[in-house]
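Scroll down for the structure; my scribbles are underneath it.
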C-alpha cells in the first residue's frame with residue numbers, strides 16, 4: 001500500500017511526513033514526528049490523554065485520521081512551554097500537585113489550554129465541564145481543577 | 001494498516017463509492033470509524049470521506065430546521081436558533097468529542113451512545129440519504145429500524161420541525177458519571193399541545209433496545225389528554241412496553257426496566 005504525503009504545522013513548525021492509509025494522528029505524532037507528549041490511553045475516545053489542539057480546537061488525536069490535518073495547525077503539550085520556562089498551566093499543575101502518575105496530564109493541560117484560550121476567567125463549573133472528557137485515576141480531580149482555577153484567577157487579577 | 005482512504009469533493013461521489021464497496025465505511029468525525037480501526041476491525045478496508053460544504057450546513061432560521069450530517073455537536077451548541085437541541089448536544093462526550101462527533105454519525109452510534117438520535121426520534125426527524133441511485137428522505141424511525149442495512153448509503157442531512165415551545169420538547173439522559181458518561185437510559189418527549197390536550201405525543205428511548213425506539217404505549221396514554229398526574233402515571237407505567245434492554249457495564253436490563261418509568265414520570269412532570 002502506497003504511503004500518503006502529509007504536511008501540517010506542528011507546534012508552529014512545518015512538518016512533512018509519509019503516513020499509511022488509516023494511520024491516526026496520535027501514531028503520526030509519536031512514531032513519525034517523535035513528539036511523545038500526547039499519550040495513548042484507550043484508543044476509543046474515552047480517556048482524553050491523546051488530546052491535541054487542531055486549529056485551536058480540542059480534538060482526540062487517536063480518533064483523528066492523520067491525513068485530515070493536512071495544511072492545518074496541530075498543537076501538543078510539547079509546544080506549550082515558553083523557551084526554558086514552563087507555561088503558567090504547567091507551573092500551576094506542579095504547584096497544586098495536579099499530577100501524580102502523570103499519564104492524564106498531557107490531555108488535561110491541552111483541555112485546560114483550550115478552555116483558557118476561549119474563556120480566560122472560567123468559573124469552577126466551566127473548568128469541570130472543560131476537563132470532563134479527560135479521565136484521571138489518581139488525583140480525584142480536585143487538585144487539577146484548583147490548578148486551572150489558579151491560572152484563571154491569576155490572569156483575571158493581572 | 002491496510003486501509004485505503006478515498007476523499008471526494010462531493011457527497012454524491014462519496015455515496016457512489018460507498019454503494020459499490022461493501023467493505024467501505026464513511027468517515028466523518030472519526031469517533032466511531034477511527035475507534036473501529038484502532039480496535040483492528042478488519043471488515044473495513046476502505047474509508048470514504050467527502051469535503052462537501054453542503055454536509056456541514058446548518059439551516060436553523062425557519063420553523064423547519066436542517067442539519068448537515070457533518071455538523072458537529074459543538075456547532076449545534078454555538079447556534080442560538082437551535083436552543084431546543086442544546087440539552088441533547090451537551091449531554092454527549094466531553095468537549096473534544098463534541099468538536100468531532102457529528103449529527104449524522106450519531107445515527108449509527110450503538111448503545112450506550114446515540115443520545116442526539118433519541119432527541120431526533122422524538123422530534124420525528126427526516127433523514128436525507130443518498131445511495132447509488134439518487135437521494136431520498138426517510139422517516140428517522142424507519143431509518144433506525146433498517147440501520148444495519150444502511151451501509152451502502154450516505155446520510156446527507158437530518159431535518160425536523162422546531163417544537164412550538166420549550167415546554168413541548170423535553171430531554172433527559174441518565175448517566176452514572178457527570179457531566180460526561182455513557183447512557184444508562186436516555187429519554188426525549190415531544191408533547192405538542194392543542195386546546196389544552198396533547199396532540200401527536202412522541203416519546204423516544206435510548207438504551208432500551210438495540211436501537212433508539214419509540215415508547216408507543218406511553219404515547220397512547222398521553223394522546224388526547226391533558227398533562228395531569230393521572231395521565232403522567234399512566235404513561236410512566238406503560239414505558240417498558242415493547243422495550244428489550246440489555247445488560248452492560250453501566251446497568252442491567254432489569255435496572256433499566258425498573259427506572260425508565262420513574263424517569264419518564266419525572267420528565268413529564270418537569271422535575272429535575
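Taken together, the values in this text are just the output of simple stated rules run on the coordinates, not laboratory data. Keep in mind that this is a model prediction, so the values were computed, not measured. Backbone-built Cβ (ideal geometry, glycine too); neighbour counts: all protein chains shown.
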Inside region A:53-85, the number of residues satisfying the requirement of being at the interface with chain B (Cβ under 9 Å from one of its Cβ atoms) and either touching a strand residue (DSSP E or B) at 6+ places or on another chain (Cβ under 8 Å) or over 19 Å from residue B:102 (Cβ atoms) (or both) is 10
Restricting region B:56-85 to residues that are within 14 Å of chain A (Cβ to nearest Cβ) and touching a strand residue (DSSP E or B) at 6+ places or on another chain (Cβ under 6 Å), the one nearest to residue A:21 (Cα to Cα) turns out to be B:70
Subset of region B:98-134, residues farther than 11 Å from residue B:67 by Cβ, under 8 Å from the mean Cα position of the chain (by Cα) and in a helix (DSSP H, G or I), comes to B:115, B:117, B:118, B:119, B:121
Selection over region B:11-27 where residues are in a loop (DSSP other than H, G, I, E, B) and within 21 Å of the chain's Cα centre (by Cα) yields a count of 1
Checked region B:44-74 for anything assigned to a helix (DSSP H, G or I), touching a helix residue (DSSP H, G or I) at 6+ places or on another chain (Cβ under 8 Å) and more than 17 Å from residue B:127 (Cβ to Cβ); matches are B:73, B:74
Residue set B:69, B:14, B:54; condition farther than 29 Å from residue A:47 by Cα and buried (at least 22 other Cβ atoms within 10 Å of the Cβ); output residue B:14
Residue hits (region A:27-46; facing another protein chain (nearest Cβ under 10 Å) and surrounded by fewer than 24 Cβ atoms within 10 Å (Cβ to Cβ)) are A:27, A:40, A:42, A:43, A:44, A:46
Looking for something more than 12 Å from residue A:74 (Cβ to Cβ) and either more than 9 Å from every other protein chain (Cβ to nearest Cβ) or in a strand (DSSP E or B) (or both) - is there at least one such residue anywhere in region A:19-26?
yes
Filtering region B:207-222 down to residues that are over 21 Å from residue B:248 (Cβ atoms) and touching a helix residue (DSSP H, G or I) at 6+ places or on another chain (Cβ under 7 Å) yields B:214, B:218, B:221, B:222
